[in-house]
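A quick write-up on the structure given underneath.
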Amino acid sequence: MDCKHSGNGRARSHGVSDRIRRVLDQIEDGVTDMKSGWNLPRECYVDQEFYDFEQEAVFMRSWLCLGRVDEIKNPGDFVRIDMGDEPLVMVRDQNMEIRVFSPICAHRGHLLCEGSGNTGRLFRCPFHAWTYGLDGHLIAAPSMNDTVGLKALKAEAHLPSHKVEIWNGFVFTNLDPNAKPLGPTLSKLTKALEQYHIGEMVSMPVAEIKGCNWNWKPQLENGIEPYHSAYLHGMLHDFAHVRLTSFVEFDEDDGAVYHPTGFYYPDAGFNPTGKALMPVIPTLGEKERNEVIFASIPPNLGFGAVPEGLFYYLVLPAGPNSINLRIGHLYPEASTKVPLFDHLYKIAQDGLVVFHNQDAASTESVQRGNRSRFRKPGRYSFQEESLLQFYQWLQKRYRDYAKEARETQPA
């Protein structure tokens, strides 16, 4: 049997319906500029057909963040993540290289692992004990010799492998084998964060929040849109008031949307004290000590860089009306050794939980409002320029995929 098996084929281009094309036209009209534009139509947040389109247009063709390199320090360490309907695993192999696979057995598709941990030297499928090395290649397939010998199976059966790129200690993958590198698209953000040395920071244990009842986009929108901070968060956010926000010029080839927001006093922090609880990163200058940089690397990483470290969240879509979250904190290694670190870290965590809970309640309400047939796209505030930039990032990917789908559709 000539069975060509490869996990490296480009994501399929499905046809794009006339209904979706009408939504895309409305999006394109709304992202021209701040004064004449509007935000996304309701279909983008609640519609199953649009969600399916978006999975192909965005998630199958963009760089996706799976976590931090120090989550998988040793050979065999792995972290499993579901990105929509695509199960993924990042793993450290025997040569200390970081790899990303689709952890689906080549026999019947059983998932090889769940959660995180250490798998030793191999992945073994619990269904029929087919076994794979940390490089993704088949090692064993019990009771198969009477039909297909192991040598033949090894030539055709392996774990689908995906591109990997590391940026500042974050592990990214792209399911499109023809994807262009991520790094060059982040040059402006990389320069803005240079003094933080994020790649050298230590990761705290990740908190997982599952079953959030909203679309994936509002989670990123809240992280980069300062307009709501003075109203939803009130006095808690006053030290980093929206009046102190500035926006960075955006180009459609940029891979990140970000903006700095100034502080009314140096070394502020998002906790009940309003001040940094940990030592300030020693390499920061006066500018960095007087601001927070809120950033998103769409479609699924958002973070805030503050004088003492960085907090981040990974957005994992689970349907048009549902996401899962992984939330983490990063600090310089020296900070983790200060007296009472665990106590101070708990206060920092609790402080961010307050902000998260306020955002979560608001985002769930927005999602409910978006379901209404009467919901129409709204206009921008001048304090929402980063939202327009995010929508321009999306529009490029929607447009490119729709064009590809049109060109590959049978006549």
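The values are calculated or read from the model by the stated rules, or taken from the named source; none is laboratory data. It should be emphasised that the depicted structure is a prediction, and the values quoted were computed from it without experimental measurement. Glycine also receives a Cβ, built like all others from the backbone with ideal geometry; neighbour counts cover every protein chain displayed. Quick note on the areas: whole protein, heavy atoms, side chains included, nothing else; ligands and nucleic acids left out. Shrake-Rupley method; radii C 1.70, N 1.55, O 1.52, S 1.80 Å.
Which links in Lys180/Lys287; Lys35/Lys396; Lys217/Lys376 stretch past 22 Å when you go from one Cα to the other? It would help to have the intermediate numbers written out before the result.
Working: Lys180/Lys287 33 Å; Lys35/Lys396 20 Å; Lys217/Lys376 17 Å.
Result: Lys180/Lys287 exceed 22 Å.
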Self-check item: Calculated FRET value between Ala179 and Asp52, using beta carbons and R₀ = 25 Å, to 0.05
Solution: 0.75
Quiz prompt | Highest-MSF residue in the chain out of His241, His343, His137 [GNM, Cα springs under 10 Å] | solution = His343
Quiz item: If you keep only loop residues by DSSP, which GluC sites (Glu not before Pro) in the range 108-165 have at most 13 other Cβ atoms within 10 Å of their Cβ?
Solution: Glu114
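If the only charges are +1 at each Lys and Arg Cβ and -1 at each Asp and Glu Cβ, what is the size of the charge dipole of the range 114-185 around the Cα centre, to the nearest 20 debye? If you can, show how the numbers build up before the last one.
Values: 6 positive and 6 negative charges, 29 e Å.
So the dipole magnitude of the range 114-185 works out to roughly 140 debye.
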Practice problem: Return the lysines within reach of Lys210: Cα separation strictly under 23 angstrom, same-chain partners fewer than 8 residues apart disregarded; answer none if there are no such residues. | Solution: Lys346
Practice problem: Using R₀ = 30 Å, calculate the FRET efficiency as 1/(1 + (r/R₀)^6) where r is the Cβ-Cβ separation of Asn145 and Gln94; round to 0.05. | Solution: 0.65
Exercise. Pull out the extension gain between Ser246 and Glu407, defined as 0.36 nm times the separation in residues minus the alpha carbon to alpha carbon distance; nm, one decimal.
Key: 53.9 nm
Practice problem: Hey, can you find the accessible area per residue of the chain for me, probe 1.4 Å, expressed in square angstrom? | Solution: 46
Practice problem: Compute the distance in nm between two label points, each set 7 Å from the Cα along the Cα-to-Cβ direction, one at Val353 and one at Thr190. | Solution: 3.8
Exercise. With a 1.4 Å probe and every protein chain kept in, tell me what percent of the accessible surface of the chain is carbon plus sulfur.
Key: 51
Quiz item: If the cut-off is 26 Å between C-alpha atoms, which lysines fall inside it for Lys154, apart from same-chain ones fewer than 8 positions away?
Solution: Lys4, Lys163
Self-check item: Whole-angstrom gap from the range 106-130 to the range 209-236, using each part's C-alpha centre
Solution: 37
Quiz item: How large is the charge dipole for the chain, taken about the Cα centre, if only the Cβ atoms of Lys, Arg (+1) and Asp, Glu (-1) carry charge, to the nearest 20 debye?
Solution: 660
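Using a Förster distance of 35 angstrom, determine the FRET efficiency expected from the C-beta separation of Ile209 and His107, and round it to 0.05. The partial results should precede the final answer.
Working: r = 34 Å, r/R0 = 0.97.
Efficiency, from the Cβ-Cβ distance: 0.55.
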Quiz item: In sequence order, what are the phi-derived ³J(HN,Hα) couplings for the range 32-45 according to the Karplus relation 6.51 cos²θ - 1.76 cosθ + 1.60 with θ = phi - 60°, rounded to whole Hz, with x for glycine and proline?
Solution: 6, 7, 5, 6, 9, x, 8, 7, 6, x, 4, 4, 5, 10
